[in-house]
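What follows is one structure encoded as structure tokens, with my remarks underneath.
Nothing in this text is a laboratory measurement; each read-out follows from the coordinates by a stated rule. The model shown is predicted, which means the values in this text are computed figures rather than measured ones.
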Amino acid sequence: MIKRRFCLFLSILIIFFISYDNALLIENGSANDNINVAAITSTMSVSAKPSAILAAIPTIAISKTPIPNTPTPSTKTKEKIKEVKGLVELLKLDNTFVIDIKYATKDNFTKKIIYPSAKCIINKNTAAKLIKANNEFKKMGYRIKIYDAYRPHSAQKVLWDAASDKSFVADPKKGSNHNRGAAVDVTLVDKYGKEVRMPSGYDEFTKRAKLDYKDCPKEQINNRELLGRVMVKYGFKRIRSEWWHFDDSDAKKYQVLDISFSNF
Ligand SMILES: [Zn+2]
């Protein structure tokens, strides 16, 4: 009888340790292949349930393992990266970015899923500039987190219709540099993936989003200006109304596109 109880206790103990181990693996990624948790989130197709994507996002913030500073070996292989009209998937070039495409979730001002994929698609030349900026941030212990990059022109119409304040969204008749894959909405995160403090949240359509807003802690102004300084150094332009938005200074060289995310 005692022997049976002991066996039962031992089994429960083993099951507990296996579950705990798996939980850690899910949270931190495997140490062997250096999986970037944010990369997993970003490559999830939205054909998966939206709730699954939303559920996965907090893993970016709670990681206890620093995100690897160098791209994993798989991104250094000579595997041909898919390119459509100059657009590529950023993580295929460099997977040390943190990707959190808000319009692929309900966590955006429309409260609706606009993109059918959470992949970060971008013009390849804009990506080259962004990689240089990210490399400089990494030396300082930060990295770039991307909220939005390429946005199909048809999605621009959806956002335009949904926006109550049109000064924050480009008129689809003209097209946005996001539609060219040559604009990015970004912030900075620390090496654990935690966002630095900025004067406003992303897509917060208030005066706090503006570059000249000063009625906030100095730390927030410093973070906003650090982001701006390095991005400008590597060929991006700021706009006065949104601290998170950066246009590739060569954006007008590229055409407005309406290529579906399913191509990547
Ligand atoms: Zn933007």
With a ≥ b ≥ c from the Cα gyration tensor eigenvalues, square-rooted, and the rule rounded for a/c under 1.5, otherwise prolate when a/b > b/c and oblate otherwise, segment 64-223 is oblate
List, in the order given, every pair from K173/K214; K191/K237; K80/K111; K139/K166; K132/K218 whose Cα-Cα distance in the structure shown is over 31 Å.
K173/K214; K80/K111; K139/K166
